Every structure is written in structure tokens, then in C-alpha cells.
Amino acid sequence: MQKGVFITFEGPEGAGKTTVIKELYKRLDKEGRNVILTREPGGIRIAEKIRGIILDNNHQEMDAKTEALLYAAARSQHLVEKVVPAIQEGTIVLCDRFVDSSLAYQGYARGLGIDEVLSINEFAIGETMPDLTVFFDIKPEAGLARITANDKREENRLDKESLRFHQDVYEGYQELIRRYPDRIQITDASLPQEQVTENVWKIICSQLIK
Ligand code: TMP
């Protein structure tokens with residue numbers, strides 16, 4: 001049986017990832033592909049519960065290391081229960097955020113260190129890394145403005161961080177793009193959503209025919 005493909009999507013808040021990924025999922029499904037759409041933190045029962053703990057607006061006292069470990073714990077369970085079996089069955093796995101989020105948010109923006117956060121994640125994920133990661137490139141100011149304009153989206157604990165924090169997240173992603181130039185592809189997320197969808201679709205299709 002052919003091995004599946006693991007594709008992750010990353011970016012700052014308000015980059016429009018989630019809407020675009022849903023559209024990509026629909027297209028692949030319509031083509032008759034074996035595809036699943038999942039997210040981090042979450043995607044399965046235990047990880048969704050951990051997500052609730054991490055993002056709870058009342059948990060202001062959460063320590064940065066606790067936060068990093070909870071993301072890694074949710075990730076480990078998500079991989080074992082859902083992602084790895086799907087890849088082994090030949091499925092295309094589309095995942096909204098993965099380890100790069102931990103490296104940018106906890107490693108860089110929280111100041112824990114990219115290498116330190118990578119090492120706890122290596123314990124959590126073993127050898128499983130994405131075949132392709134699409135970075136939705138939008139400046140934090142523009143992303144946050146979109147969130148504020150979207151009154152249907154409830155702000156979580158991380159959305160409420162300062163602009164400086166979100167700028168650091170963006171810088172963290174730039175560092176990851178330098179580290180992993182073969183894996184991470186960039187798409188301009190400031191364009192209209194239909195255009196972003198088309199651009200990411202092309203990136204994904206070129207990965208699928210490799
Ligand atoms: P989202 O699902 O709306 O993107 O929310 C998840 C939030 O969690 C978002 O602010 C990014 C953050 N996050 C981390 O800080 N580290 C991680 O490892 C992951 C997966 C998400």
C-alpha cells in the first residue's frame with residue numbers, strides 16, 4: 001500500500017488558514033482522494049480536552065513550560081491515535097498547525113528556545129515530520145485586525161497576547177523558514193481568500209504528484 005502524505009499549515013493568528021484548508025479538503029475529497037482534515041491542538045477527544053485547558057482565558061497563570069508540554073502531549077496523542085495510522089493507510093492528512101507552531105510560539109515568542117522546544121517535541125513525535133508545510137504569510141498587525149473584525153471568532157488566551165508577542169511569533173516562523181527551506185513553502189495570505197486557495201492548491205498538487 002502506498003504511504004500517505006502529511007501536510008501541515010502554519011501561520012500567525014488571522015491568516016485565514018482554517019477556511020482555506022476546509023476548501024482544499026473539499027476539493028481533494030471531490031476528486032475521490034483518501035483525505036482527512038484535522039487540527040492541533042486537538043483533532044481527537046483527549047487532545048481537544050488539552051486544547052480547552054491551554055486556551056482557556058481564565059488560565060492566565062499558565063507557565064510557558066507547562067504550555068509547551070501540554071501542546072506536545074496533545075500532539076503525541078493526536079499522532080498515535082489519528083495521524084500515523086492514517087498515513088500508514090495511504091491517506092492524505094491535512095493538519096491545521098503542527099510542531100512548527102510550538103517552535104514559533106513557545107520556542108521563539110515565549111523565549112523557551114527553538115532547540116529546547118524541539119527536543120521535547122522529538123520525544124513526543126519521534127520520526128513523524130510533515131512532507132510539506134505551507135506557511136500563510138501575513139504580518140501580525142494585519143492578521144490581528146482580521147480577528148478583531150470577525151466578531152464570530154471568540155478570542156482565546158493566545159489571541160489576547162500583546163502585538164509584540166505576535167511579532168515575535170512571526171519572527172520565529174521566519175527562523176523556521178530559514179532552517180527548513182525544503183519543507184516549508186510560503187504563500188501570501190494577505191491576498192483575497194479565493195486567490196490564496198488557488199495558490200495553496202497548486203503547492204499541494206505539486207507535492208501530491210512527486
Ligand atoms: P487556532 O486553532 O485558532 O490556530 O488556535 C490555536 C492557538 O494555539 C494559536 O494561538 C496558536 C497556538 N499554538 C501554540 O502556541 N503552540 C502549538 O504548538 C500549537 C499547535 C498552537
Given the conditions (1) in a helix (DSSP H, G or I); (2) open to solvent by 10 Å² or more (accessible area, probe 1.4 Å); (3) touching a residue at least 40 places away in the same chain (Cβ under 8 Å); (4) of a type in the set (S, T, N, Q), which single one is not true for THR128?
-> (1)
Given (1) within 12 Å of the ligand (Cβ to nearest atom); (2) part of a helix (DSSP H, G or I); (3) open to solvent by less than 40 Å² (accessible area, probe 1.4 Å), CYS95 misses just (2)
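Has the stretch 184-196 got at least one residue that is open to solvent by less than 20 Å² (accessible area, probe 1.4 Å) and in a loop (DSSP other than H, G, I, E, B)? Break it down stepwise before answering.
Keep residues of the stretch 184-196 that are open to solvent by less than 20 Å² (accessible area, probe 1.4 Å), which gives 184, 187, 189, 196.
Subsequent filtering for residues that are in a loop (DSSP other than H, G, I, E, B) retains 189.
Yes - at least one qualifying residue is present in the stretch 184-196.
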For the stretch 98-120, name all the residues that are away from the ligand (no atom under 13 Å from the Cβ) and either in a helix (DSSP H, G or I) or modelled with pLDDT under 95 (or both).
-> ASP115, GLU116, SER119
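The values are calculated or read from the model by the stated rules, or taken from the named source; none is laboratory data. Predicted, not measured: the structure shown is a model, and the values here were computed from it. With ideal geometry, Cβ positions are generated from the backbone for all residues, glycine too; neighbour counts draw on all protein chains shown. The area values use the complete protein model at the heavy-atom level, side chains included, leaving out ligands, DNA and RNA. Shrake-Rupley method; radii C 1.70, N 1.55, O 1.52, S 1.80 Å.
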